[in-house]
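Only one structure is covered here, and it is reproduced in the block below.
Quick note: the coordinates plus some simple rules give every number you see, no bench work behind them. Keep in mind the model is a prediction, meaning the values are calculated, not measured. No Cβ is skipped: glycine too gets one built from the backbone with ideal geometry, and neighbour counts run over all protein chains shown.
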Amino acid sequence: MIVWRSLSSLSKPLAAAVLMLALVGCSSRKSVVPVRGKVFLGGKPADGALVVFNPVGENDPNVVRPQGTVGRDGTFEMSTYKENDGVPPGEYNVSFVWLIENPKTKKEWSPLPARYMDPKNSGVRVTINEGANDLQPFALTR
């Protein structure tokens with residue numbers, strides 16, 4: 001209240017507008033739950049691959065798509081708004097992006113078949129429920 005009283009009459013409407021925008025921004029965030037998993041290609045960890053959860057039925061190109069990066073041991077944790085915060089419950093088509101630099105040519109290439117980069121053709125779908133979600137390992141093939 002002391003801060004509010006010290007604002008000039010011109011600053012009060014601006015401060016109120018900023019506060020309203022902040023509240024609207026906060027309310028548009030969905031609650032998230034922890035999601036962990038593993039990714040393997042041909043039985044080996046897909047170290048450095050990016051796992052992307054694409055909400056089923058969502059056509060807005062600007063929708064938030066939770067992501068996680070696979071570690072050396074094949075594990076990943078999903079992030080939506082901040083690192084490792086989790087994923088909103090729901091259904092997702094999963095896509096995978098994995099680019100590796102060829103040491104000889106210095107060009108990037110993907111050891112994954114192209115189908116895995118397309119959420120509609122990857123053949124991988126998950127349902128995220130309330131509470132912690134430890135997913136079955138994704139065993140990708142060539």
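Given a Förster distance of 22 Å, report the FRET efficiency between residue 106 and residue 69 from their Cβ-Cβ distance, rounded to the nearest 0.05. Calculated value: 0.50.
Taking a straight line from the alpha carbon of residue 38, these aspartates and glutamates sit under 15 Å away, with near neighbours fewer than eight places off in the same chain left out: 47, 73, 77, 134.
When the expected Rg is taken as 2.2 N^0.38 Å, what fraction or multiple of it is the alpha-carbon Rg of segment 35-140? Numbers along the way, then the final one.
Numbers: Rg = 13.8 Å, N = 106, 2.2 N^0.38 = 12.9 Å.
Normalised by 2.2 N^0.38 Å, the Cα Rg of segment 35-140 equals 1.06.
Around the amide H of residue 133, modelled in the peptide plane, lie the amide H atoms of 35, 36, all under 5 Å away and 5 or more residues distant in sequence or on another chain. In this calculation the C-beta distance from residue 91 to residue 141 is compared with R0 = 22 Å, giving a FRET efficiency of 0.40. The slack in the chain from residue 28 to residue 130, taken as 0.36 nm per residue of separation less the alpha-carbon distance, amounts to 34.9 nm.
The modelled label-to-label distance for the pair residue 59/residue 121, using points 7 Å beyond Cα in the direction of Cβ, is 2.1 nm.
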